[in-house]
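The values are calculated or read from the model by the stated rules, or taken from the named source; none is laboratory data. On a predicted model such as this, the values are computed, not experimentally measured, just so you know. Heads up, the Cβs are rebuilt from the backbone with ideal geometry, glycines too, and the neighbour counts pull from every protein chain shown. Surface areas here come from the heavy atoms of the whole protein model, side chains and all, with no ligands, DNA or RNA. Shrake-Rupley method; radii C 1.70, N 1.55, O 1.52, S 1.80 Å.
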Amino acid sequence: MKIVLFGATGMIGQRVLTEALNRGHAVTVVARDPSKVTAQAPNLSVVRGDLSDPARVQSLVTGAEVVVSAFAPPQGHEGQVADVARTLVRAVGAAEPPPRLVVVGGAGGLEVGPGVRVIDTPTFPAFLKPIAQAHIDAYEVYRTANVDWTFFAPAALIQPGQRTGRYRTGRDQLVVDDAGNSSISAEDYAAALLDEIEKPQFRRSRMTAAN
Ligand SMILES: NC(=O)c1ccc[n+]([C@@H]2O[C@H](COP(=O)([O-])OP(=O)(O)OC[C@H]3O[C@@H](n4cnc5c(N)ncnc54)[C@H](OP(=O)(O)O)[C@@H]3O)[C@@H](O)[C@H]2O)c1
């Protein structure tokens, strides 16, 4: 598929890029600094672009089948997450034909029990509240948008690790193991994201995955 990927220099985005290239998709990476993209492959193109430039984003997503964002804001500028959501929604909504939009979200808005979100739990770290709230605000942008979106919230913990290809998915509830822990390797998250692109199960929906 023709995939346009934002955030490919990031912790999660790098792994999404590797997974997409290994599966033979035609990937166009959009980077603020293309020299930071070290991957090389015949099915990879790298172009310059910035998510704070709506007109540029509009032109870049046109012609894509799927647009993926693994964007993260700088600390202290978490409001950019919802701004980027509005930019992406407008861009894919105006493109003809409209691509599917798959975004890396946050786990803070997932539920741990009826009406109880991860961000509301007493042990949720205070320093993560701004980014968690930013993803909750962005989720509202996607949820109410008339585009083909998927908001893929990682497990509570996501970090570089092994690619096992084994994971469990959920929709609005945090996925935990028998000990109550919620974690996923970034490699398995990337595998789950590409699986969702190839065999959609969560269109116009939130989803999550954990090992
Ligand atoms: N458990 C959880 O819920 C959880 C855990 C971890 C992460 N996350 C979320 O997952 C997402 C990705 O996290 P990460 O750790 O992979 O992030 P990261 O390593 O900080 O990477 C962020 C990416 O965003 C790009 N970016 C920043 N500003 C941009 C702009 N204006 N235009 C285009 N690209 C821009 C960066 O590009 P440059 O190279 O140009 O800076 C980089 O590729 C974030 O939204 C984060 O909040 C959620």
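Expressed as a whole percent, the proportion of Cα-Cα pairs in the range 128-211 lying more than 18 Å apart is 44%.
Would you mind counting up the charge near residue 112? Only other residues with Cβ under 13 Å from its Cβ, with Lys and Arg at +1 and Asp and Glu at -1.
It works out to a net charge of -2.
Under a 1.4 Å probe, what is the accessible area of the range 86-190 per residue, stated in Å²?
Here the per-residue accessible area is 49 Å².
The convex hull around the C-alpha trace of the range 49-164, projected and averaged over every direction, spans 8.6 square nanometres.
Across all C-alpha atoms in the range 2-210, the radius of gyration and Dmax reach 16.1, 48 Å.
Simple point charges give the picture: +1 on the Cβ of Lys and Arg, -1 on the Cβ of Asp and Glu, and for the chain a dipole about the Cα centre of about 280 debye.
The range 168-205 and the range 1-56 have their alpha-carbon centroids 21 Å apart.
Given R0 = 35 Å, the distance between the Cβ atoms of residue 26 and residue 176 translates into a calculated FRET efficiency of 0.45. Extension gain, residue 59 to residue 47: 0.36 nm times the residue separation minus the Cα-Cα distance gives 3.2 nm.
Modelled this way, with points 7 Å down the Cα-to-C-beta line, the labels at residue 162 and residue 124 are 3.2 nm from one another.
Run the accessible area of the range 75-211 with a 1.4 Å probe and give the carbon-and-sulfur part as a rounded percent. Before the final figure, lay out the partial values.
On the way: 3290 of 6640 Å².
Carbon and sulfur: 50 percent of the exposed surface of the range 75-211.
As a length-normalised measure over Cα pairs under 8 Å and 6 or more apart, the relative contact order of the chain settles at 19 percent. Solvent exposure of the range 2-63, expressed per residue, is 51 Å² of accessible area, with all protein chains present and a 1.4 angstrom probe. Electrostatic bookkeeping for residue 145 treats Lys and Arg as +1 and Asp and Glu as -1; over the other residues with beta carbon under 15 Å from its beta carbon, the sum is +3. Axis angle, to the nearest 10 degrees, between helix 186-198 and the longest C-alpha principal axis of the chain: 60 degrees. Annotation: lysines with alpha-carbon distance below 30 angstrom to residue 199 (same-chain offsets under eight excluded): 2. Evaluate the Debye formula for the range 135-176 with equal point scatterers sitting on the alpha carbons, no solvent, and hand back log10 of I(q)/I(0) at q = 0.15, 0.22, 0.25 Å⁻¹, in q order, two decimals. Debye output, listed in q order: -0.51, -0.89, -1.01.
With both residues required to sit in the chain, DSSP beta bridges show an antiparallel share near 15%.
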